[in-house]
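Asker: Here it is, the structure, as structure tokens.
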Amino acid sequence: MAEIKDFQCTYDNSAGINSEVTEGLGLTFPDAYLHWDTMAALSKALKSHDGAAFCELPFCHTVEAEAMGGIINYGNELAGPRAKEYICTSPEELLALPAIDFSAGRIHEVLLACRALKEEGEHVVLQVSGPFTILNVLIDAKYVFKAMRKKPELMKEVFEKLGGEILRFMEEAKKYGADLISYADSSGGLNILGPKMAEQVVEDFTCGFLAKAEALADDNTMILLCPKTTFAMLGTRKAHFRDLKLSGPMTYGEGCIEMIGKVRLAGQMCIKNVGYQLENAVFKEVVLE
Amino acid sequence: MSSKEELLKRLSDGVVDMEEDDVAEAAKEYLEAGYPAFDGIMEGLVDGMNRASQLYEEEEYFVTDVLLCSDAMYVGLDILRPYLPEVSSDDKITGVIGVVEGDTHDIGKNLVRIMLETAGFHMIDLGRDVPLAKFVETAKEENADFVCMSTLMTTTMGGMETVIRLLEEEGLRDKVKVMIGGGPISQKYADKIGADGYSQNAVEAVKLAKRLLNVA
């Protein structure tokens with residue numbers, strides 16, 4: 001029996017967009033969340049406010065789902081974009097959703113913002129969402145859990161479809177200059193799924209998905225994992241850590257940047273924990289079995 | 001024909017085993033046999049949900065399991081409830097529950113609502129991403145005894161304090177207890193914003209509500 005540990009999300013990290021960050025930028029909300037130039041400006045302001053080593057994009061976890069037809073409330077300065085009403089009630093409906101068009105809509109603007117920041121010499125962390133996070137916008141979670149129990153084969157197809165879309169997003173992100181692509185799916189964490197279902201998700205989806213994601217890493221791009229995903233992989237013995245020495249103590253973000261081209265997959269800490277220090281100068285690569 | 005006890009067991013087991021169809025079938029047979037709907041609900045469906053809660057507390061069941069158990073319970077309730085004698089909801093302690101504005105993560109909130117309903121509270125579920133004033137308006141309109149708020153995000157947790165302030169402005173704070181929960185929430189935060197209580201999970205939320213409202 002696997003023993004997956006949960007990673008507790010802490011909030012000693014970026015607090016996200018707030019009036020302190022946006023002051024003086026002349027941005028209006030939610031308009032600022034919709035265009036590449038304002039996204040890039042916001043991202044730089046957030047980097048500076050947090051004292052981070054990199055710029056982050058996007059500012060929510062709804063772009064992939066929106067690009068598949070999800071309905072979004074773009075929010076305001078206080079609360080960012082989020083799901084409005086659900087558009088599906090069954091796995092069959094999820095399977096019928098369109099593939100993402102990366103040349104249009106807000107997801108395209110995110111990619112353009114990514115390129116603009118790269119051209120300004122920034123390191124860009126592009127955050128992509130895992131299947132549970134995407135599903136959270138499209139369908140009430142109870143239908144997902146029910147289908148996982150009653151129609152597991154169909155749900156496998158849904159995960160495969162979403163996995164394919166996420167991988168295509170990662171490929172696009174590379175083309176647009178993202179050097180760190182961060183994968184997270186906290187809506188599918190151990191605390192929600194429980195150990196049995198969490199293990200099933202690793203077996204049925206995460207393993208195969210990460211093998212393909214890892215293959216996207218190259219001299220200019222590293223794939224980062226949310227520690228919840230890392231722990232799920234370690235706990236099911238589908239991956240292990242390999243220690244690598246950094247040039248000296250530094251923040252986790254700086255360590256990631258130093259290891260681009262040397263490490264394919266990382267995930268010992270949450271990338272949003274911008275102040276986290278690797279005091280012993282040890283960087284942990286996630287090696288898939 | 002099955003005995004009342006057998007049918008009650010099927011209702012209860014159907015909930016624990018998350019088998020909606022079994023629950024629906026047992027509920028119909030139960031009514032056809034002429035047994036009282038109230039017993040079917042309390043000794044069948046609610047008994048099953050209480051067993052599921054126990055399994056959740058023992059970490060045998062997890063959030064997803066309890067949600068599916070509750071789906072099965074609600075299928076049974078939809079069938080049995082129309083046959084209940086009219087009871088005024090004034091007799092029940094009423095709570096208003098929702099995820100605060102800006103946040104759409106509602107799995108935990110749903111679980112808390114289910115557990116509180118199972119424990120006999122009359123819950124008004126405002127859903128997710130609920131405008132802050134809506135909590136106060138509903139508490140006033142429904143003459144609620146308590147308000148439960150949750151959020152998973154630090155960026156939206158401040159809304160809970162706003163709701164407490166609005167309750168104060170409306171002169172409702174003394175009669176409405178406030179319970180909060182969610183990922184970033186803690187007892188310390190509850191103390192800071194002046195909430196009456198915090199609970200870490202759905203089972204604890206029921207205990208907290210009973211304590212705050214002096215329910216045995």
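Asker: Whole-Hz ³J(HN,Hα) for each residue in region A:56-70, computed from phi via Karplus 6.51 cos²θ - 1.76 cosθ + 1.60 with θ = phi - 60°, x for glycine and proline: what do you get?
Answerer: Values per residue, Gly and Pro as x: 10, 8, x, 9, 8, 10, 10, 5, 5, 5, 4, 5, 9, x, x Hz.
Asker: Suppose every K and R has +1 on its Cβ and every D and E has -1 on its Cβ; what is the size of the dipole of the protein assembly as shown about the Cα centre, in Debye to the nearest 20?
Answerer: 1000
Asker: Go ahead and estimate [θ] at 222 nm for chain A from helices alone: -39,500 (n - 2.57) per DSSP H run with n ≥ 4, summed, over the residue count, rounded to 500.
Answerer: -12500 deg cm²/dmol
Asker: Roughly how compact is region B:4-83, stated as its Cα Rg over 2.2 N^0.38 Å to two decimals?
Answerer: Working: Rg = 11.6 Å, N = 80, 2.2 N^0.38 = 11.6 Å.
The reported ratio for this selection is 1.00.
Asker: Roughly how big is chain B's charge dipole about its Cα centre, with Cβ charges of +1 (Lys, Arg) and -1 (Asp, Glu), in debye to the nearest 20?
Answerer: Details: 21 positive and 42 negative charges, 192 e Å.
So the magnitude is around 920 debye.
Asker: About its Cα centre, what dipole magnitude does region A:23-236 give when the only charges are +1 on Lys and Arg Cβ and -1 on Asp and Glu Cβ, stated in debye to the nearest 20? Don't jump to the answer; show the numbers that get you there.
Answerer: Working: 20 positive and 31 negative charges, 132 e Å.
The dipole of region A:23-236 has a size of about 640 debye.
Asker: Given the Cα-Cα distance of residue A:151 and residue A:245 and 0.36 nm per residue of separation, how much length would full extension add, in nm?
Answerer: Once the chain is fully extended between residue A:151 and residue A:245, it gains 29.2 nm.
Asker: Pick from B:94, B:118, B:162: which residue has the top mean-square fluctuation in a GNM of chain B where Cα pairs under 10 Å get a spring?
Answerer: B:162
Asker: Kindly work out what percent of the DSSP beta bridges joining two residues of chain A are antiparallel, to the nearest 5. Mind showing how you got there, number by number?
Answerer: Working: 13 of 29 bridges.
About 45 percent, rounded to the nearest 5.
Asker: For chain A, modelled as a GNM with alpha-carbon contacts under 10 angstrom, which of A:76, A:273, A:136 fluctuates the most?
Answerer: Between A:76, A:273, A:136, it is A:76 that shows the largest mean-square fluctuation.
Asker: Turning to a different aspect of this structure: Could you give the longest part of chain B that holds none of the GluC sites (Glu not before Pro) found in DSSP loops with at most 14 neighbouring Cβ atoms within 10 Å?
Answerer: Value returned for the longest uninterrupted segment is B:1-57.
Asker: Please figure out what share of the DSSP beta bridges in the protein assembly as shown is antiparallel and state it in percent, rounded to the nearest 5.
Answerer: 30
Asker: Nearest 100 Å² is fine: how much accessible area is buried between B and A, summed over both sides, with a 1.4 Å probe?
Answerer: The B and A chains share an interface burying roughly 2000 Å².
Asker: Under a straight-distance cross-link criterion of Cα-Cα below 23 Å, which lysines are reachable from residue A:84, leaving out those fewer than 8 residues away in the same chain?
Answerer: Filter leaves A:142, A:146, A:161, B:109, B:134.
Asker: From the residues A:143, A:220, A:96, which one has its Cα farthest along the dipole of chain A in the positive direction, the dipole being from +1 and -1 charges on Cβ of Lys/Arg and Asp/Glu about the Cα centre?
Answerer: Looking along the dipole axis, the top candidate is A:143.
Asker: Could I ask something else about it? Leaving ligands, DNA and RNA out of it, report the carbon-plus-sulfur percent of the accessible area of region A:23-236 at a 1.4 Å probe.
Answerer: The computed percentage sits at 51.
Asker: Another one. Note every residue of region A:191-233 with a reduction of at least 50 square angstrom in accessible area, all protein chains present versus the isolated chain, computed with a 1.4 Å probe, or write none.
Answerer: Those residues are A:192.
Asker: A further question on this structure: Set the Förster distance to 30 Å, then compute FRET efficiency between residue B:204 and residue A:237 from the Cβ-Cβ distance, nearest 0.05.
Answerer: My answer for the efficiency is 0.35.
Asker: I've got another one for you. What is the spin-label model distance, in nm, from residue A:219 to residue A:3 if the labels are put 7 Å beyond Cα along the C-beta direction?
Answerer: Roughly 4.3 nm, to one decimal.
Asker: Which one, B:164, A:71, A:35, projects farthest toward the positive side of the charge dipole computed for the protein assembly as shown from Cβ point charges (K/R +1, D/E -1)?
Answerer: So the residue we want is A:35.
Asker: Something else about it: Give A:47/A:174; A:196/B:4; A:175/A:284 a once-over and call out the pairs whose C-alpha atoms are over 24 Å from each other.
Answerer: Listed pairs above 24 Å: A:196/B:4; A:175/A:284.
The values are calculated or read from the model by the stated rules, or taken from the named source; none is laboratory data. Everything numeric in this text was worked out from a predicted model, so none of it was measured. Quick reminder, even Gly has a Cβ in these numbers, built from the backbone with ideal geometry, and neighbours come from all protein chains shown. Keep in mind that these areas ignore ligands, DNA and RNA; they rest on the heavy atoms of the full protein, side chains included. Shrake-Rupley method; radii C 1.70, N 1.55, O 1.52, S 1.80 Å.
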